[in-house]
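Here's the structure, in structure tokens; my notes come after.
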Amino acid sequence: MSMLRSPVAALAASLALAAPACGDDAGASQSSATDDTTTTTNTDDTTAATDGTTAATDDTTAATAAPTTTGGPDGPAIDAPAETWTWVPFADAHCANGETTGIGVNLTTRSDRVVLYLEGGGACWDEATCYTMNASAHVADGYGETEFAAEFDPHLPKVMTAQIFDRDDPNNPFRDMSFVYVPYCTGDMHGGDNVVTYGERTTMHVGGANLVAYLARLVPTFPAAERVYLVGASAGGYGGTFNWWRVQQAFGDVRVDLVDDSGPPLDPPYLAKELSDTWRAQWNLAASLPPDCPECLETFGAIYDYYGANHTTQRWALCHTPATGSCRSTSASPWKSSRKRSRRSCRPTSPPMKTPATSCSTPSATSC
């Protein structure tokens with residue numbers, strides 16, 4: 001499990017707490033203790049996701065083209081014990097191996113803000129990457145209640161070191177929010193809607209379709225949501241960027257901000273066109289890209305221009321935690337420079353592409 005590291009939680013303070021200095025986000029939060037305890041099973045559906053690396057292709061079935069539905073308030077609300085990690089199975093969400101999956105929730109009444117976290121864990125697009133190299137997490141073995149119970153056991157340090165979920169940490173700006181954990185088991189960076197065959201294995205790259213299923217229940221679960229933070233690391237960062245439009249559309253007038261840790265979709269020469277074209281075909285990535293952005297079907301760089309033009313009241317942070325402090329937050333103004341730099345140095349430079357009225361650099365990730 002590649003949870004968000006503490007520098008990202010610190011950066012998030014610029015989104016959740018320090019925004020009055022450079023934006024319209026005045027999110028105060030209150031401190032208090034938590035009970036990250038049991039893992040109870042709840043209701044109905046499933047999920048998936050991943051992160052990408054290098055090349056190759058294999059034999060596959062063809063991809064479909066049109067985007068799937070965006071998700072919305074058409075499912076039953078999730079009912080779970082307060083401040084207790086609870087597994088919620090989904091019959092209409094699947095891992096790559098065909099098994100059903102779900103999400104974890106930790107609900108609270110401390111605030112009306114919600115963190116929707118997309119897990120990372122590699123990516124795969126053929127028999128070699130999926131089943132020989134095992135380049136993406138849980139593709140072959142799936143992810144269900146048993147895996148969730150092991151990772152979120154309150155007696156183990158794993159979840160406690162994930163600062164974003166620590167309700168006892170006074171420095172965690174998310175501590176008083178409800179948490180939704182989306183595991184990753186589809187190998188498609190939470191962006192797929194395609195079933196393919198690699199060798200003799202049927203593989204479901206359905207991370208994007210899973211997110212649609214989750215949103216159908218999450219929106220009615222938070223009818224009074226004041227703000228939603230879509231957060232992802234590595235493959236989850238890619239997934240957050242691909243699906244930001246979808247989550248915002250599902251929640252309607254509720255502002256959705258994005259924190260992308262180390263998952264910026266890049267154009268050539270930093271990501272080979274052959275590889276990105278393979279992802280698009282094998283995963284049917286078009287299903288998770290903005291339907292009114294035809295340019296996004298050809299180049300990842302276009303998605304930054306799209307959000308810069310259409311998400312003008314939200315905030316967006318791109319972070320690269322291995323080089324702590326190389327973070328930037330902006331009022332939905334993407335950075336053309338970031339797609340012209342390698343992923344190892346993905347922080348944007350000044351000035352931003354379409355300089356907004358409020359843009360702030362957070363070298364120390366402590367304030368705007």
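The values are calculated or read from the model by the stated rules, or taken from the named source; none is laboratory data. Values in this document were obtained by computation on a predicted structure and should not be read as measured data. No Cβ is skipped: glycine too gets one built from the backbone with ideal geometry, and neighbour counts run over all protein chains shown. Quick note on the areas: whole protein, heavy atoms, side chains included, nothing else; ligands and nucleic acids left out. Shrake-Rupley method; radii C 1.70, N 1.55, O 1.52, S 1.80 Å.
Part of a helix (DSSP H, G or I), of a type in the set (Val, Ile, Thr) and more than 24 Å from SER276 (Cβ to Cβ) - does that describe any residue in the stretch 129-141?
no
Run down ALA317, ALA272, ALA309, ALA250 and say which single residue is under 29 Å from ASP126 (Cβ atoms), modelled with pLDDT of 90 or more and either of a type in the set (A, V, I, L, M) or open to solvent by less than 10 Å² (accessible area, probe 1.4 Å) (or both).
It is ALA272.
If THR186 passes every condition in (1) open to solvent by less than 10 Å² (accessible area, probe 1.4 Å); (2) in contact with an Asp or Glu (Cβ under 8 Å, 6 or more places away or on another chain); (3) under 21 Å from PRO264 (Cα atoms) but one, which one does it miss?
(2)
Can you name the number of the only condition in (1) open to solvent by 20 Å² or more (accessible area, probe 1.4 Å); (2) in contact with an Asp or Glu (Cβ under 7 Å, 6 or more places away or on another chain); (3) modelled with pLDDT under 95 that VAL159 fails?
(1) is the only condition that VAL159 fails.
Only one residue in GLY208, GLY199, GLY192 is surrounded by fewer than 24 Cβ atoms within 10 Å (Cβ to Cβ) and in contact with a helix residue (DSSP H, G or I) (Cβ under 6 Å, 6 or more places away or on another chain). Which one?
GLY199
Going by the structure shown, is PHE174 touching a Phe, Trp or Tyr at 6+ places or on another chain (Cβ under 9 Å), in a helix (DSSP H, G or I) and either crowded, with 24+ Cβ neighbours inside 10 Å or touching a residue at least 40 places away in the same chain (Cβ under 8 Å) (or both)?
Against the criterion (touching a Phe, Trp or Tyr at 6+ places or on another chain (Cβ under 9 Å), in a helix (DSSP H, G or I) and either crowded, with 24+ Cβ neighbours inside 10 Å or touching a residue at least 40 places away in the same chain (Cβ under 8 Å) (or both)), PHE174 does not qualify.
Being closer than 30 Å to THR132 by Cβ, without any contact (Cβ under 8 Å) to a residue 60 or more places away in the chain and more than 17 Å from the chain's Cα centre (by Cα), is that true of even one residue in the stretch 201-222?
For the stretch 201-222, residues closer than 30 Å to THR132 by Cβ, without any contact (Cβ under 8 Å) to a residue 60 or more places away in the chain and more than 17 Å from the chain's Cα centre (by Cα): absent.
Looking only at the stretch 215-235, filter to residues that are assigned to a helix (DSSP H, G or I) and touching a Gly at 6+ places or on another chain (Cβ under 7 Å); which one of those is surrounded by the most Cβ atoms within 10 Å (Cβ to Cβ)?
My answer is ALA235.
Given (1) of a type in the set (D, E, K, R); (2) buried (at least 20 other Cβ atoms within 10 Å of the Cβ); (3) within 25 Å of LEU258 (Cβ to Cβ); (4) over 21 Å from the mean Cα position of the chain (by Cα), identify the lone condition not met by ARG110.
The one condition ARG110 does not meet is (2).
Return the pairs, sorted by first residue and then second, in which the second residue is modelled with pLDDT under 95, the first residue lies in the stretch 281-310 and is at positive phi, the beta carbons are less than 8 Å apart, and the residues are 6+ apart or on different chains.
ASN284/ALA63; ASN284/THR64; ASN284/ALA65
Given the structure, is ALA149 at pLDDT 95 or above, over 20 Å from the mean Cα position of the chain (by Cα), of a type in the set (A, V, I, L, M, F, W, C) and not in a loop (DSSP other than H, G, I, E, B)?
Taking the combined requirement at face value, the residue does not satisfy it.
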